[in-house]
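Following: one structure in structure tokens, then a few remarks.
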Amino acid sequence: MFLTIILAVITGLPPITRDLTGADPGSWEDWVAGEPEPVPFSVKPLFSCSCDDGIDFAVLMEEGLADSLTPGTIERWALDMAPWVGGVLVAEASYSTPEEIRAWLSEMHGQGLDGVVLVGDLPVAWVMMDNAFTRSSETFPCDYFLMDLDGLWEDRWIGYPSAGRSGQDGKYDTWGTSGLAPEIYCARIMPSKIGAEVSLLQAYLDRNHLWRTEGDPLPFQTLCYVDDDWVPFSAEFRDAMRRLYPLVELVSDPQQTCGTDYKENRLTAVYQWISPFVHSSPLLHQWSPGPDTYWKEVKAIDPQARFYNLFACSNCRFTTSNNMGSIYVLGTSYGLAAVGSTKTGSMLRFEPFYQTLGEGGCLGEAYFDWWTAITAGGFSSYEMSWHLGMVMIGDPTLVPAAPMLGLPDDWIASPEPAVMTILENPCVSSVRVGLADGASGVRILDASGRVVASNPAARGGDTVEFDMRGLPSGIYTAVTESPAGVAAVRFARL
């Protein structure tokens, strides 16, 4: 540990997070053997909303997966996302190739697409890369292939390029010298690697909706938990997180950080966001001096955190069964999203990521801004070795700062003709909401976006009255849904 810290101080660079076990994380060959044969590419739209000005965000689902969910789930999800990202398309895609998905995303980006989430078992691009660090080279799944839509990615070598055997083996190993910045953001939700796909996805989308509509109690407490090798950088890591959350608990004392403390005192506490800095594998955290934290223990503890930035080598290798990134997000009762890596390395230079989130951006926008900063001026072999395995697991349209900042201003406009009218504005003890044809359900939200009253049975032609007594004076928002999208109108309670 002391040699690592001395080298970090001399170079000014954090040591790479890596898997100290040397275990096989799962090969490309194993992945291909377990996947179906590719078929011709096709996309079947299932639902869309708020798309008058085009499609801003796409949900691409495994064929047939949406049919297994509770009716109305994907429609509810799209309507929840639309206020934050614009027009949403939910579609199912055939199991084709990563290249065909990339070509479709490029075409959609030309029409205004900003981001995508892939849900279920869909194709994955793999990379075989000689590492810039003094260790063996690596083969890993790489979703950045679906973010960099115009860069040159080639398969020119059999095995690692350093072996010098020209040919193709199905894995990318060569890149152009320019054009490697992102065009869109991309995330994955692959429940099948950690359990029953349908039930895990249904539970995830249900709590996603609840968090969006009800939130969590303020103020939020967050955790920056730094193991021994990164102690010299711990204040820097914490300060980056403060761009999003004012309250960040930093734990970096080498006499305190260990597997026992993390499991018994941290995962059991109430945090909104957890950022562990620790050597890891897809299945465990490797603390100094120990003991290790395994995926089974995380699942059994069921931590209450919503979001994770896993500075933990290969923790988000979503192709590996029971990978911890998916366990944190999909295998607990509270998780919503995580960023991390499928290989050695992690995120560095955190400021652009947390800055965008602190300003009210969604996770995908922050992830895009971080990638843009990393690739500005080129994408060096050192940067690739640190970051090319970075992925996002979960819904990238979630806005962690929403409960602190309130609703987006551009949401507060009803489609024309108006489907909802506030009959007393400002109101005193109650508010009456009039609904026109096509309206469905009414929710009353406070300034943080929490639901304080609702009538899901209300329909067009109804006048619905809500008792506002007991609620503080301030600005509220009435929300309904219609074929034209989400309609929302602000009103004041005196």
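The values are calculated or read from the model by the stated rules, or taken from the named source; none is laboratory data. These numbers were taken from a predicted model, which means no experiment stands behind them. Counting neighbours? That spans all protein chains shown, and the Cβs are built from the backbone with ideal geometry, glycine included.
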Please go through the stretch 254-264 and pick out each residue that is farther than 19 Å from residue 295 by Cβ, without any contact (Cβ under 8 Å) to a residue 24 or more places away in the chain and touching a strand residue (DSSP E or B) at 6+ places or on another chain (Cβ under 9 Å). none
Of all residues making up the stretch 158-174, the number that are in contact (Cβ under 8 Å) with a residue 24 or more places away in the chain, within 29 Å of the chain's Cα centre (by Cα) and either more than 13 Å from residue 139 (Cβ to Cβ) or assigned to a loop (DSSP other than H, G, I, E, B) (or both): 3
List the residue pairs whose Cβ atoms are under 6 Å apart, where the first residue sits in the stretch 185-206 and is more than 16 Å from residue 295 (Cα to Cα), the second is at pLDDT 95 or above and among the charged types (D, E, K, R), and the two are 6 or more positions apart or on different chains. 186/143
Would you check which residues across the stretch 215-225 are assigned to a loop (DSSP other than H, G, I, E, B), in contact (Cβ under 8 Å) with a residue 40 or more places away in the chain and out of contact with any Gly (no Cβ under 7 Å at 6 or more places or on another chain) and list them? 216, 218, 220, 221
Just checking, how many residues over the stretch 362-397 are out of contact with any helix residue (DSSP H, G or I) (no Cβ under 7 Å at 6 or more places or on another chain) and part of a loop (DSSP other than H, G, I, E, B)? 6
Can you confirm whether the stretch 75-95 contains a residue that is in contact with a Gly (Cβ under 7 Å, 6 or more places away or on another chain), of a type outside the set (Val, Ile, Thr) and in a helix (DSSP H, G or I)? yes
Any chance residue 164 is surrounded by fewer than 17 Cβ atoms within 10 Å (Cβ to Cβ), touching an Asp or Glu at 6+ places or on another chain (Cβ under 7 Å) and of a type outside the set (Val, Ile, Thr): no
Among (1) surrounded by fewer than 24 Cβ atoms within 10 Å (Cβ to Cβ); (2) small (Gly, Ala, Ser); (3) in a loop (DSSP other than H, G, I, E, B), residue 345 falls short only on (1)
Starting from the stretch 307-323, take each residue that is under 16 Å from residue 262 (Cα atoms) and list its partners that are in a loop (DSSP other than H, G, I, E, B) and among the charged types (D, E, K, R), counting only C-beta distances under 8 angstrom and pairs at least six apart or across chains. none
List the number of the failed condition for residue 402; all other conditions in (1) surrounded by fewer than 23 Cβ atoms within 10 Å (Cβ to Cβ); (2) modelled with pLDDT of 90 or more hold. (2)
Hey, could you check the stretch 307-348 for residues that are modelled with pLDDT under 95 and out of contact with any Phe, Trp or Tyr (no Cβ under 7 Å at 6 or more places or on another chain) and say which is nearest to residue 139 (Cα to Cα)? 344
Lone qualifier among 139, 177 - being assigned to a strand (DSSP E or B), out of contact with any Leu (no Cβ under 8 Å at 6 or more places or on another chain) and not basic (Lys, Arg): 139
Boolean, residue 273 is buried (at least 16 other Cβ atoms within 10 Å of the Cβ), more than 21 Å from residue 237 (Cβ to Cβ) and of a type outside the set (S, T, N, Q): no
Within the stretch 98-112, does at least one residue satisfy the condition of being part of a strand (DSSP E or B) and either at pLDDT 95 or above or surrounded by 21 or more Cβ atoms within 10 Å (Cβ to Cβ) (or both)? no
How about the stretch 46-75: which of its residues are crowded, with 19+ Cβ neighbours inside 10 Å and within 16 Å of residue 189 (Cβ to Cβ)? 57, 58, 59, 60, 61, 62, 65, 66, 74
Residue identified as over 25 Å from residue 130 (Cα atoms) and not in a helix (DSSP H, G or I) among 188, 207, 212: 188
Tell me yes or no: at least one residue of the stretch 144-157 is under 18 Å from the mean Cα position of the chain (by Cα), in a loop (DSSP other than H, G, I, E, B) and under 23 Å from residue 327 (Cβ atoms). no
What are the residues in the stretch 191-201 that are part of a loop (DSSP other than H, G, I, E, B) and surrounded by fewer than 19 Cβ atoms within 10 Å (Cβ to Cβ), if any? 195, 196
Scanning for something in a helix (DSSP H, G or I) and without any contact (Cβ under 8 Å) to a residue 40 or more places away in the chain, does the stretch 350-357 turn up at least one residue? yes
Pair list, Cβ < 6 Å and 6+ apart or interchain, from the stretch 230-244 residues that are under 19 Å from residue 256 (Cα atoms) to residues that are in a loop (DSSP other than H, G, I, E, B): 230/14; 231/252; 233/14; 234/252
Look at the stretch 171-220 and say how many of its residues are at pLDDT below 95 and of a type in the set (A, V, I, L, M). 3
Please verify whether the stretch 142-158 includes one or more residues that are at negative phi, modelled with pLDDT under 95 and of a type in the set (Lys, Arg). no
Out of all the residues in the stretch 409-416, is one or more surrounded by fewer than 22 Cβ atoms within 10 Å (Cβ to Cβ), polar (S, T, N, Q) and either outside any loop (DSSP other than H, G, I, E, B) or at pLDDT 90 or above (or both)? no
Go through the stretch 113-136 residue by residue and tally those that are assigned to a loop (DSSP other than H, G, I, E, B) and aromatic (Phe, Trp, Tyr). 1
